[in-house]
Amino acid sequence: MPRSALTGTRIRERRTALRMKQADLARDVGISPAYLNLIEHNRRRVGDALLEHLAQVLGVDPVALAEGAEGVLFDGLREAAAAAAMGEAEPELERIEEFVGRFPGWAALLAGRQARIGQLERVVESYAERMAQDPFLLTSLHEVLSAVTSLRSTAAILTDTDDIEPVWRTRFLTTIREESLRLSDTAEALVGYLDTQEEAETGLSSPLEEVEAWLAARNWHLPELEGPRPADGERLIAGVAELASSAGRRLALMHIAQAAQDARALPMEPLLAALAAEGPEPARIAARTGAPIPVVFRRMATLPPGIEGMPPVGLVVCDGSGTLTLRRPIAGFVLPRFGAACPLWPLYEALGRPMQPIRAVVDMAGRLPQRFLTYGFCQPSQPGGFDGPLLMQAMMLILPVPRDMAQEARPVGSSCRICPRAACPGRREPSILTEA
Amino acid sequence: MAGKHVLLIEDEPHIAEAIRFILSRAGWQVTLHNDGQDAIGVIASAQPDVLILDLMLPGRSGLEILADLRSGNGGQKALPVLMLTARGQLRDREAAERAGASAFLAKPFANADVLAAVRTLAGEEAG
């Protein structure tokens, strides 16, 4: 596990918060108080086994002790270092902890700028995707080019032809007038469209995005649905700013109905007990609680924050066409906003193998590739009865890889348009990015 | 070379009119058509010396028409074809070349470029 120079400080802070004596903690983990004192003053590094033991006694996740809040800061700085172009000054990565320790303000500013650059790059990527796929834009550009071609040709004829007959002169002047109007109308429509899209970009451009923004604002957990008397869906969404469209509100009500059903099928108490006993392993939780795997997936992805032993979780759900119908993001696993996702995601493998649980470690492409543990499952249903259509719903739970897991990772990306893996066998179309 | 025949299949009437004017003034006989669906039949009956073909046409795309023509339909397998497109992207150009286009012009183009391309395709000295 990567260690921050401040691991000892966090151990001391946690111990004092628990009002625990140094000697007691040292005894509990089997080391001398003097050695613990050296560790707490960051003068000795902590081995994996000891860190785990300390974390267990102090009741925290070992990652929290090893990386702490500044783990995110370090990630941001490493990302900034990795983004340095060839020929630019090379940052001293080996002194990153010293940098954070001595200049925390500058470090936070640099990491913040890097995060902002990342956001802007994603906006650019989404615009590039839109340019390539948006039928309105393609049609408008065709109109603009056609009008410009007409204007250019006609104007050139009028200026270059000295002996043009009056009847032709009149016709071409009429053409210029008509094409000018057409260009003006198309440009106006295009600007209006882009204005709307810009608004949507800073806010929400689809009903699904409205629902996801609302859930994100609620930390993806709706406590009102827990317990014997869940809240009414209409009341839950009343006045919610993110749910601006009627389609978004309808989608939110469907989500609430599903979430309430899941809460009844797997109430919080047995879920937390199963989590404590089995760890974040959905199949084992399902076996222990008797809840179906899809319910376990959804419940794990909508737990309240701050549950001990529960790492951050992402969840994606798709229907039989592969269209993503829910995207709960997890840092580092890039989910596409537009178009189809990476065909190599275990989500789609699950879609092709209904009812078979799939576990796979994946490497998400990016400037700093990140590794994740994923669980996939596909549940068929036939809501219309035996004569009705067979519907598929696949889902994929995304978790950080446990540090002791040594499993070969599958290289995946977000979607072909923004994936740098040029030689990918699943590639549908060229990328707008170059191979990292 | 007076009297040579160009068939222009283009659905934008003002572009078609401008091209017809330029070519007519240079001595070409120009026939206009604006739909892709029956293009092969029109080519077969017009028997032009050069075909100017827009890539995006109603009914049928210029690429499909060209591939059909090169496979022998229309009776003029080796007809010189100048492709026009409103999208000057490389992929359109490559697709046109694969389909058998003799030359390619991306809109917006200059009148002189159209004239030069047609002259070259007809075996005249351009310019």
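The values are calculated or read from the model by the stated rules, or taken from the named source; none is laboratory data. Since the structure is predicted, the reported quantities are computational estimates derived from the model, not experimental observations. Here the Cβ positions follow ideal geometry from the backbone for every residue, glycine too, while neighbour counts run over all protein chains shown. Note: areas computed on protein heavy atoms with side chains; ligands, DNA, RNA excluded. Shrake-Rupley method; radii C 1.70, N 1.55, O 1.52, S 1.80 Å.
Things to note:
For (1) of a type in the set (Ser, Thr, Tyr); (2) open to solvent by 50 Å² or more (accessible area, probe 1.4 Å), each residue gets a yes or a no:
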position: A:Tyr348; (1), (2): yes, no
position: A:Met355; (1), (2): no, yes
position: A:Phe386; (1), (2): no, yes
position: A:Ala394; (1), (2): no, no
position: A:Pro402; (1), (2): no, yes
position: A:Glu408; (1), (2): no, yes
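- Of all residue pairs spaced 6 or more apart or on separate chains, those with beta-carbon atoms under 9 Å, a first member in segment B:22-48 that is more than 27 Å from A:Arg152 (Cβ to Cβ) and a second member that is among the basic types (Lys, Arg) are B:Gln37/B:Arg60; B:Asp38/B:Arg60; B:Ile40/B:Arg60.
- From A:Ala274, A:Ala283, residue being farther than 26 Å from A:Gly352 by Cβ and either outside any loop (DSSP other than H, G, I, E, B) or within 22 Å of the chain's Cα centre (by Cα) (or both): A:Ala274
- Subset of segment A:314-343 [under 16 Å from A:Asp363 (Cα atoms) and of a type in the set (Val, Ile, Thr)]: A:Ile330, A:Val334
- When the criteria are applied in full, A:Arg229 fails the requirement of being over 24 Å from A:Thr374 (Cα atoms), part of a helix (DSSP H, G or I) and open to solvent by 40 Å² or more (accessible area, probe 1.4 Å).
- Any hit, segment B:114-127, residues being of a type in the set (Asp, Glu), more than 13 Å from chain A (Cβ to nearest Cβ) and in contact with a strand residue (DSSP E or B) (Cβ under 8 Å, 6 or more places away or on another chain): no
- Here A:Phe136 passes the criteria (1) modelled with pLDDT of 80 or more; (2) of a type in the set (Phe, Trp, Tyr); (3) surrounded by fewer than 17 Cβ atoms within 10 Å (Cβ to Cβ) except the one numbered (1).
- Taken as a whole, the condition of being within 30 Å of A:Val124 (Cα to Cα), over 21 Å from the mean Cα position of the chain (by Cα) and in contact (Cβ under 8 Å) with a residue 40 or more places away in the chain applies to A:Ala244.
- Sub-8 Å Cβ pairs linking a first residue in segment A:141-168 that is more than 7 Å from every other protein chain (Cβ to nearest Cβ) and closer than 28 Å to A:Ala187 by Cα to a second residue that is at pLDDT 90 or above and open to solvent by 60 Å² or more (accessible area, probe 1.4 Å), at least 6 apart or interchain, are A:Leu158/A:Arg169; A:Leu158/A:Leu173, ordered by first then second residue.
- Qualifying residue in segment A:316-330 (condition: open to solvent by 30 Å² or more (accessible area, probe 1.4 Å), among the basic types (Lys, Arg) and in a strand (DSSP E or B)): yes
Rundown of residues vs (1) over 21 Å from A:His142 (Cα atoms); (2) of a type in the set (S, T, N, Q), yes/no style:
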{"residue": "B:Gly27", "(1), (2)": "yes, no"}
{"residue": "B:Asn34", "(1), (2)": "no, yes"}
{"residue": "B:Ala44", "(1), (2)": "yes, no"}
{"residue": "B:Gln47", "(1), (2)": "yes, yes"}
{"residue": "B:Val50", "(1), (2)": "yes, no"}
{"residue": "B:Ala78", "(1), (2)": "yes, no"}
{"residue": "B:Thr85", "(1), (2)": "no, yes"}
{"residue": "B:Ala95", "(1), (2)": "no, no"}
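- Residue match in segment A:263-275 (condition: open to solvent by 40 Å² or more (accessible area, probe 1.4 Å), in contact with a helix residue (DSSP H, G or I) (Cβ under 8 Å, 6 or more places away or on another chain), in contact (Cβ under 8 Å) with a residue 40 or more places away in the chain and more than 30 Å from A:Val124 (Cα to Cα)): no
- Condition met for A:Thr302 (open to solvent by 30 Å² or more (accessible area, probe 1.4 Å), among the polar types (S, T, N, Q) and either outside any loop (DSSP other than H, G, I, E, B) or in contact with a helix residue (DSSP H, G or I) (Cβ under 6 Å, 6 or more places away or on another chain) (or both)): no
- Single residue of segment B:111-123 satisfying the filter (of a type in the set (A, V, I, L, M, F, W, C) and in a helix (DSSP H, G or I)) that is surrounded by the fewest Cβ atoms within 10 Å (Cβ to Cβ): B:Ala112
- Residue in segment A:288-297 that is touching an Asp or Glu at 6+ places or on another chain (Cβ under 9 Å), open to solvent by 60 Å² or more (accessible area, probe 1.4 Å) and at pLDDT below 95 present: no
- Residue check for A:Leu303: free of Cβ contacts under 8 Å to residues at least 40 places away in the same chain and of a type outside the set (Lys, Arg): no
- Matching residues, segment A:145-159, being open to solvent by 40 Å² or more (accessible area, probe 1.4 Å) and either at pLDDT below 90 or assigned to a loop (DSSP other than H, G, I, E, B) (or both): A:Leu145
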